Each structure stands twice: as C-alpha cells, then as structure tokens.
1. Name the residue, out of 117, 95, that is over 11 Å from the mean Cα position of the chain (by Cα), modelled with pLDDT under 95 and at negative phi.
2. Return yes when residue 71 is assigned to a helix (DSSP H, G or I) and in contact with a Leu (Cβ under 9 Å, 6 or more places away or on another chain) and no when it is not.
3. Taking region 16-42 on its own, how many of its residues are part of a helix (DSSP H, G or I) and either open to solvent by 40 Å² or more (accessible area, probe 1.4 Å) or in contact with a strand residue (DSSP E or B) (Cβ under 7 Å, 6 or more places away or on another chain) (or both)?
4. Quick check on my filter: what residues within region 121-154 are surrounded by fewer than 24 Cβ atoms within 10 Å (Cβ to Cβ) and charged (D, E, K, R)?
5. Can you go through 88, 78 and tell me which one is within 12 Å of the chain's Cα centre (by Cα) and in a helix (DSSP H, G or I)?
6. Taking region 63-116, which residues are within 10 Å of residue 130 (Cα to Cα), surrounded by 15 or more Cβ atoms within 10 Å (Cβ to Cβ) and of a type in the set (A, V, I, L, M, F, W, C)?
7. Is it the case that region 49-62 has a residue that's more than 20 Å from the chain's Cα centre (by Cα), outside any helix (DSSP H, G or I) and either surrounded by fewer than 22 Cβ atoms within 10 Å (Cβ to Cβ) or modelled with pLDDT of 95 or more (or both)?
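The values are calculated or read from the model by the stated rules, or taken from the named source; none is laboratory data. Computed from a predicted model, the values in this text were never measured in an experiment. Cβ placement follows ideal geometry from the backbone for every residue including glycine, while neighbour counts extend to all protein chains displayed. Protein only, heavy atoms only, side chains kept; ligands, DNA and RNA dropped before computing areas. Shrake-Rupley method; radii C 1.70, N 1.55, O 1.52, S 1.80 Å.
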Amino acid sequence: AVADFPDARFALGTELFASGHFDEAADQLQQIIQPHPARADRLPARLLLGHVFLAEGRLRAAAGQFDGLLESDPSNRAARDGLAAVGAANRDLAASLMRQGHGAEAAARAREAVRLAPADPAARNLLGVALASEGRLDEAVAQFQEALRVDPNDQQAQIKALSEISGL
C-alpha cells in the first residue's frame with residue numbers, strides 16, 4: 001500500500017532516518033526516486049537520501065546526491081549546504097588520517113573537502129599540511145596562500161605558510 005503513496009513512503013523514510021534506521025530509510029527513499037528521479041516532486045527525497053548517505057558515512061554517495069540536485073537547480077541552498085556538510089566530513093576524516101600518519105589518504109580526502117567546500121580555509125589548511133607531509137611543499141604553500149585569500153585573518157594559514165616557506 002505504501003508503494004502507491006510516495007508521500008507516505010517519504011514520511012516513513014523521514015521517520016526511519018530520524019530514528020537511526022538509515023538502511024531502511026535509504027530503501028524507502030530510493031523507491032520514491034527511482035521511477036522518476038528528475039521530477040520536481042522527487043527532489044525532497046533526493047535531498048533526504050543525501051543526508052542518509054552522509055549519516056551512514058557514505059560520503060561519495062552523499063556528494064553524488066547533492067551534486068545531482070545542484071545540476072538540476074544550481075540555486076538549491078539545501079543541496080549546497082548538504083555538499084558543504086560532506087566537505088566538512090571529508091575534512092574531519094582527512095584530519096583523522098593525518099593523525100594516524102596516512103598522509104596520502106589524508107591529502108585525497110582533504111582535496112575532496114576543498115572541491116566540495118572551496119571557501120573552507122580549514123580544508124585548505126589541512127590539504128596544505130597533508131601535501132607538506134608528502135614533501136610537496138610548493139603545492140602545500142599554494143593551499144595555505146589560498147586559505148589566506150579565502151580568509152585573510154586566518155592566522156593558522158599565515159603561520160603554516162611562513163613555516164613551509166622558511167623550511168621550518
């Protein structure tokens with residue numbers, strides 16, 4: 001009976017998401033979306049599915065949902081905010097990887113964070129640190145400089161850029 005009523009399926013997906021049943025929520029939302037993904041009435045389900053994927057840690061899938069929404073409507077603020085949240089999750093994962101000594105993996109995640117949230121100076125700083133840890137100093141300095149361009153008052157970026165330039 002729910003299959004015949006997308007609104008009921010969306011409500012169920014919302015409740016499942018809110019109660020932490022992410023797999024079941026994703027199933028409900030995908031059943032709404034799959035027959036007609038481009039229809040305007042499917043956009044809320046696509047947006048919520050992006051958040052479900054984000055909550056599950058499926059960052060690429062979440063970014064794909066939000067990117068797809070922005071392709072059809074570049075002014076979609078909720079999708080842009082979702083993409084920024086995926087960027088922040090990638091940044092946090094990159095920081096964790098750096099602490100564990102996985103510079104190359106951290107750089108890849110930080111690069112994705114910068115792609116998703118180019119105005120995030122913390123993501124650019126982290127990418128700079130990851131690149132510096134791999135000996136890619138020119139690229140690292142470029143990221144610190146870009147962080148300063150985004151936020152000229154970012155003292156962390158200033159210190160890191162100066163340290164890398166002076167070889168400290």
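1. Values: 117 fails: over 11 Å from the mean Cα position of the chain (by Cα).
Every option except 95 fails the conditions.
2. Working: assigned to a helix (DSSP H, G or I): yes; in contact with a Leu (Cβ under 9 Å, 6 or more places away or on another chain): no.
Criteria not met by residue 71.
3. Going residue by residue through region 16-42, those that are part of a helix (DSSP H, G or I) are 16-18, 22-33, 40-42.
Narrowing further to those that are either open to solvent by 40 Å² or more (accessible area, probe 1.4 Å) or in contact with a strand residue (DSSP E or B) (Cβ under 7 Å, 6 or more places away or on another chain) (or both): 17-18, 22-24, 27, 30-31, 40-41.
Number of matching residues: 10.
4. Within region 121-154, 134, 136, 138, 139, 146, 149, 151, 154 meet the criteria.
5. Details: 78 fails: within 12 Å of the chain's Cα centre (by Cα).
Going through 88, 78 in turn, just one is within 12 Å of the chain's Cα centre (by Cα) and in a helix (DSSP H, G or I): 88.
6. The answer is 94, 95, 97, 98, 106, 107, 108, 110.
7. So in region 49-62, the residues more than 20 Å from the chain's Cα centre (by Cα) come out as none.
Within region 49-62, none of the residues are more than 20 Å from the chain's Cα centre (by Cα), outside any helix (DSSP H, G or I) and either surrounded by fewer than 22 Cβ atoms within 10 Å (Cβ to Cβ) or modelled with pLDDT of 95 or more (or both).
Here is a yes/no grid of residues against (1) closer than 29 Å to residue 70 by Cα; (2) without any contact (Cβ under 8 Å) to a residue 24 or more places away in the chain:
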| site | (1), (2) |
| --- | --- |
| 104 | no, no |
| 109 | yes, yes |
| 115 | yes, no |
| 122 | yes, no |
| 126 | yes, no |
| 129 | no, no |
| 135 | no, yes |
| 143 | yes, no |
| 149 | yes, yes |
